[in-house]
Amino acid sequence: MFTRFFYPRTLCVAGASSKEKSIGYELLRSIKEYNYTGTLYPVNPKADEILGYKCFPSIEAIPEAVDLAIIVVPKAFVRETIASLAAKGVKSIILITAGFKETGEAGQQAEKELVEYIRSQGMRMVGPNCMGIINTSAEIKLNATFVAEKPREARAGFLSQSGALGAAVLNGLRESGISFGHFISVGNKADVNENDLLEYWLEEKSISAVAMYLESFVDGARFLDIYRKTKSRKPVVVVKAGRTGSGMKAASSHTGALGSSERVVDALLKQFGFLRADTVQEMFNTVSIYERFPLPAGNRVAVLTNAGGPAILCVDELEKQGLTLARLTEPTKEKLRGFVHPEGSVNNPVDLLPGGTAEQYTRAADLLAQDEEVDAVVSIFVEPVMVPALPVVSSVYTVNSPKPVVQVVMPLPEFHQNYKNAYPEGKPYFRTAEEPARVLANLLSYNRFSEAERLEGKVKKIAEPERWLSPEKTASLAKEYGLPVISSAWIAPGASIPEYISYPLVIKGIAPGETHKSEKNLVRLNIRTEEEAVSVMKEMKATAPGIVSFEIQPYLQTRFELLIGGFRDPSFGPVIMFGSGGKYVEVYNDTALRHACLSGEDITAMMEETKICRLLKGVRGEKPADLQAVAAVIKNAAQMLLDYPQIQEFDLNPLIVTPEGKNVVVDMRIRIAGE
């Protein structure tokens, strides 16, 4: 499908204009100046020629089949233009015209009707409200945007949901050095969206990496599925805007309250091997370094510098990103002493001082790359007056190593243009000392992604749906999935405690709609006599007249309180959570998330993200908890969430670890689809 979008042999521009500065004119100018190698058909009934191109009065007048049509007509003429294209047999269109979903309810309805028509005609559409498409390949060079820049050829696919952001990137190409193979602005994503492009680029041989700026996910579950099930492994780097979203509005459990949309996006993208960047520059730095350097095998980094301050900033960021300073071997340090100034340093960071020459930089970088304790090298050069930057940078690039040797350059102003003249193909370098750490951490994460087997759902159904499952149905599900829920008895208000129940015990008041019982003082612990139990139940009933029953449980000594929960994200689907539990769960906020289609490695990583896991492993001579048993509960709970699509959210809170090492769930709640 996307061959016609990125490699059109024939291109129609409906709404081409002879008015300078109009979108219809600037689009044609960009196509012309980037030397489009196909055949262009501008459509304008009032012009014979624009920018040297013959114009056609109508779509019907075009003498041959059209691979791709770009529409820039006013909104009022969009529908009839698309109808003409459909009659012509055109299957691929880019609708740049705005005024649809982004304008409100009426625009949203118009967009919906337009998409229904397009699909009925077997067409695919990018947009509306987008800025076009670029292909830098020499086979079909095409800049079909209204930004007349000339990007260098590269091998990354770049999607931008924001037209303005895309324009900003294109406007800054000469300064930033950013390059790509394909660029597409998807606008409102009414039809073609990020899932379509991800699927295409993962299989497209001319594309080696994918970069995406997204503000929303049309179908996050499919986005994850496409990547985890593809046989074509490529790095996909995502900048996701909207980090401060309000999360799940319908959440009513502890798990739901803690599962904000930003946390879900961050956790799930990392779980399935996507790389998340904070900025567009970091996104392109990651793609560029991936395309041109080997991947790091580990997290040990050597830093080479001629200035202390930038080296410190680099080291701080390395540690922040989970990387570490490599411990150089004695043979490496001995060889460095042969040419490093006595006032410099042969320890990591290696400091050549401001007088460090191109020859010294190259020798040092080569030695560091050869050290068996080093996985990557970061060279930092701050240009002094006496040592020009270009020879240093050029010389370091001659180091031939199976490890990445990347450079930070802080030069005098004239360096950047001189560098572009020397390396028109765009060899990458960093401009700040912190950037390499983030990029190396991204690449290391990509290199470590595991294809371990994951859980899959079986699709079962809960009979007689209700908003919150009754204790009996909850207990039945717990038994089905081997969840270690404590044995309970339920008695009506005013009834006596059964004689078979031993003390001490716990009493919980059960009232419709009261999901957080401890907040309403409906949980009492360590009750030791029948008289105390009767008194507690009377007090609860007086405080909460809506109580319909009391749940009676054995009282257990507690060593740790854990939370295992799950919820169904509106876009990404079933999500599992683990962390510190109990009534202060929101206060501690010590939890980690994963998609419920998880592997054993995912479970281990999720547990180790939390502070409570350090305690579970045992500190200061304490006996560790049975982490494998806890992991089994997480796995079984995730399987339950996958198997029953009706489950919207659930809590096992707390899962108690007793002093004897037993794992017992003392409270389990499940909310399913309903009102």
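Using only the Cα atoms of the range 369-447, build the gyration tensor, take square roots of its eigenvalues as a ≥ b ≥ c, and label the shape rounded, prolate or oblate: rounded if a/c is under 1.5, else prolate if a/b is larger than b/c, else oblate. Judged from the Cα gyration tensor, the range 369-447 comes out prolate (a/c at least 1.5, a/b above b/c).
Here is the list for the range 528-577: trypsin sites (Lys or Arg not before Pro) lying in DSSP coil, each with at most 13 other C-beta atoms within 10 angstrom of its C-beta, are Arg528.
Estimated from helices alone, the mean residue ellipticity of the chain at 222 nm is -10000 deg cm²/dmol (sum of -39500 (n - 2.57) over DSSP H runs with n ≥ 4, per residue). The apolar share of the surface of the range 547-657, taken as the fraction of accessible area on carbon and sulfur atoms (1.4 Å probe, ligands and nucleic acids excluded), comes to 50 percent.
Assuming a ≥ b ≥ c are the square roots of the Cα gyration tensor eigenvalues, decide whether the range 275-408 counts as rounded (a/c under 1.5), prolate (otherwise, with a/b larger than b/c) or oblate. Prolate. The charge dipole of the chain, taken about the Cα centre with unit charges on the Cβ atoms of Lys, Arg (+1) and Asp, Glu (-1), comes to about 700 debye, rounded to the nearest 20. Among the GluC sites (Glu not before Pro) in the range 413-458, those placed in a DSSP loop whose Cβ has at most 12 other Cβ atoms within 10 Å are Glu414, Glu425, Glu451, Glu453, Glu456. Selection among Ala144, Ser208, Ser120 by position relative to the dipole of the range 100-238 gives Ser208 as farthest towards the positive end (Cβ unit charges, Cα centre). Axis of helix 105-120 versus longest Cα principal axis of the chain: the two differ by about 70°, to the nearest ten degrees.
When the range 497-550 is described by a simple charge dipole with +1 on each Lys and Arg Cβ and -1 on each Asp and Glu Cβ, the residue from Val523, Met537, Ile507 located farthest towards its positive end is Val523.
In the context of the full set of protein chains, the range 338-484 has a per residue accessible area of 48 Å² (1.4 Å probe). Here is the list for the range 21-84: GluC sites (Glu not before Pro) lying in DSSP coil, each with at most 13 other C-beta atoms within 10 angstrom of its C-beta, are Glu64. Could you tell me how many degrees, from 0 to 90 and to the nearest 10, lie between the Cα long axis of helix 471-480 and the main elongation axis, the longest principal axis, of the Cα atoms of the chain? That helix lies at roughly 70 degrees to the long axis. Ligands, DNA and RNA left out, the accessible area of the range 375-463 computed with a 1.4 Å probe is 56% carbon and sulfur.
For the range 105-242, with all protein chains in place and a probe radius of 1.4 Å, 46% of the accessible heavy-atom surface sits on carbon or sulfur. Taking every DSSP bridge with both residues inside the chain, close to 50 percent are antiparallel. Principal-axis analysis of the Cα atoms of the chain puts helix 627-643 at an angle of about 70° to the longest axis. Amide H contacts of Gln407: Ser379, Phe430, each under 5 Å away and 5 or more positions distant or on a separate chain (H built 1.01 Å from N in the peptide plane; Pro and chain starts excluded). Checking [x] 47, 32, 22; [y] 56, 27, 22; [z] 54, 40, 17 against the coordinates, the calculated semi-axes √(5λ) of the Cα gyration tensor in Å falls under label [z].
The values are calculated or read from the model by the stated rules, or taken from the named source; none is laboratory data. What you see is a predicted model; the values in this text were computed from it and never measured. Neighbour counts run over all protein chains shown; Cβ positions are idealised from the backbone, glycine included. Side chains included, ligands, DNA and RNA excluded: accessible areas come from the protein's heavy atoms. Shrake-Rupley method; radii C 1.70, N 1.55, O 1.52, S 1.80 Å.
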